[in-house]
Structures are given as C-alpha cells and as structure tokens.
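The values are calculated or read from the model by the stated rules, or taken from the named source; none is laboratory data. What you see is a predicted model, and the numbers here were worked out from it, not measured in a lab. Cβ coordinates were reconstructed from backbone atoms using ideal geometry, including for glycine residues, and neighbour counts include every protein chain displayed. Only protein heavy atoms, including side chains, enter the accessible area calculation; ligands, DNA and RNA are left aside. Shrake-Rupley method; radii C 1.70, N 1.55, O 1.52, S 1.80 Å.
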Amino acid sequence: MREVLIRALSGLLYVTLLLLAIFSLETTYLLVFLGLGVVVLFEFLKLVGIKSLLSYVFLFACVAVFCYFKLDRLATLIFLALTITVNLYLIKNLIRPSERYITVSQKYAYTIFYIVGGVVFTILLPSYRGEYTSLLVASVFALIWINDTFAFIVGKSIGKHKLLERISPKKTIEGFVGGLVFCCLASLLFYYFTDLLSLKLWITIALVTSVFGTLGDLIQSQLKRQAGVKDSGRIMPGHGGLYDRLDSIIFAAPFLYLFLIVLDYVP
C-alpha cells in the first residue's frame, strides 16, 4: 500500500508540474522541458556508458537555436530529417537487431538525434505553426497516457499474443490495438470539444502518437536490456527515471512534428 501511494504521489507531482508548465508561457514550458531533458540525457548517457559534458552543451545549444531564437527554418527541417533518419534506424534495429554491440559512434548519434532531437521537437511541437498552442502539446501528452493506460488494461485483460517478446515480454498485440483504438477515440473527443485542428489532423496525431510512442517505449526497453537494468533511473519513486516516463513522447515528437507540418499544407 505504501509503495502504491508513493507511486501515485510521484506520478501526480510529475503530471502537475508538466501541465502547469504547458499552460503557462511558452518560455516556461521550454525551460521546464529543457530541465526534464537534461535529466533524460543524464539517464541515457549512463545507460549507454558515455561520460560527455559536450552532450549537455549540445542540448542547450540546440534548444537555444531551434526553440528559443528559432533562427533558421531550413536548419530545423534538416535537423528533423537527420533525427527521423536515426529514429528509423533504431526501429530497424528493433525489428532486426544487429548481433554486434552498439558502437561509440552509434551511441553519439543516438545521443545527438534520438535524445537531443526528441527533446527539441517536443518543445517545438506546440508552436509548429509559429504560435504557441498549449492545448496541442497537452493533448499529445494526454494521448500518450491514454495509449499506455489502455494498452496495459486491454493487454492485462485479454492479451494472448506477444508483441515483441524478446524485448518486452508483457506487451501484447491486443494491448497495442486497445491503446491505439482508445487513442483514436480520445482524439475524436478533442476534435468535438476544441476548434484547434481538423478531424484528419487529430486522427493522424492519435495514430502517430500510439504507434511511434509504443515503438519509443520498446526501443528504450531494448536499450535497458542491453545495459542489464530494469529502470533508467530512480528520480521518480515507483516509476523509475524520467527517461522511463518520457521515452514515448521523445521518440514520437519528431514524427508528429513532420506529419503536422506536411498535413497542414494538404487540402
């Protein structure tokens, strides 16, 4: 009972801090998520066995250039393309894992694009049109939580077929489909109760969030298995590390950003 209470309180504190930052000023959201990103980066570097102060400098520099000053749209798109390329490589390794260990160059590529890129595009997501829209990023986080919750409930209730047993033995195909369906249903509610986006964009956000959020969770599980650890950290009692909480959004954000800017120009 004590462990359940601690888990609930730490989760509530995390959600409250995040939502307060999101519904505050754009700069507040940027600073808070940058702080979360620093912790995620620390946990990731520890996980892959890298000690590098330059990684933190690069994170701060990228957030300053792309998120605060927003200096160059073309540079942002190039960084997005490189981030998605590395993420697709991670998906490839998830489906067809390499027999060799992760090389040092791969570790740094993952650090720069998978982690730093993920943090950058999570911060940029609510302002993909130029104007900060707090409800958009709050909805994306809500969809992540809905997907995780119902994937767990459905998988626990009726799950029989393993999704990727060698990586995450408890995840099932039924759970994945359940999370996806409830994610789409939630996006319909967001469409009907807000005038933020078209139905096409809400459904797209739901599909991308569910699919790539699940892939992000699996990729993190694969990295933890390779490192021989259960959790990425201990900063959140009962939950593990912040990387354990933010793995889905950090991986999905670049794909969401891409789909939103593309579909925004499609009639």
Mind checking which lysines have their C-alpha under 25 Å from residue 230, skipping anything on the same chain fewer than 8 residues away? 46, 51, 92, 107, 156, 160, 162, 170, 171
Only loop residues by DSSP count here, and only those with at most 14 other Cβ atoms within 10 Å; note down the chymotrypsin sites (Phe, Trp or Tyr not before Pro) in the range 43-94 that meet that. 69
On the accessible surface of the chain, probed at 1.4 Å with all protein chains in place, carbon and sulfur together account for a percent value of 69 percent
Top of 11, 228, 213 by mean-square fluctuation, Gaussian network on the chain, Cα under 10 Å: 228
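When only DSSP loop residues count, what chymotrypsin sites (Phe, Trp or Tyr not before Pro) in the range 185-267 have their Cβ near at most 16 other Cβ atoms within 10 Å? Could you put the intermediate results ahead of the total?
Working: sites: 190, 191, 192, 193, 202, 212, 243, 251, 255, 257, 259, 265; in loops: 265.
When the chymotrypsin sites (Phe, Trp or Tyr not before Pro) of the range 185-267 are filtered for loop state and at most 16 Cβ neighbours within 10 Å, 265 remain.
How many Å² of accessible area per residue for the chain, probe 1.4 Å? Don't jump to the answer; show the numbers that get you there.
Working: 13730 Å² over 267 residues.
Dividing the accessible area of the chain by its residue count gives 51 Å².
Shape call for the range 74-229 from the C-alpha gyration tensor, a ≥ b ≥ c root eigenvalues: rounded (a/c under 1.5), prolate (a/b greater than b/c) or oblate?
The shape class here is oblate.
Which FRET efficiency, nearest 0.05, do residue 131 and residue 185 yield, Cβ-Cβ r, R0 30 Å?
Values: r = 28 Å, r/R0 = 0.93.
Calculated value: 0.60.
Let's test the formula: R0 of 41 Å, r as the Cβ-Cβ distance of residue 104 and residue 200. What FRET efficiency results, to the nearest 0.05?
Working: r = 43 Å, r/R0 = 1.05.
Calculated transfer efficiency: 0.45.
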Using the Kirkwood radius built from alpha carbon pairs, what does the Stokes-Einstein equation give as D for the chain at 37 °C and 0.692 mPa s, in µm² per second? 174 µm²/s
Out of residues 5 or more away from residue 133 or on other chains, whose amide H comes under 5 Å of its own, with H placed 1.01 Å from N in the peptide plane? 127
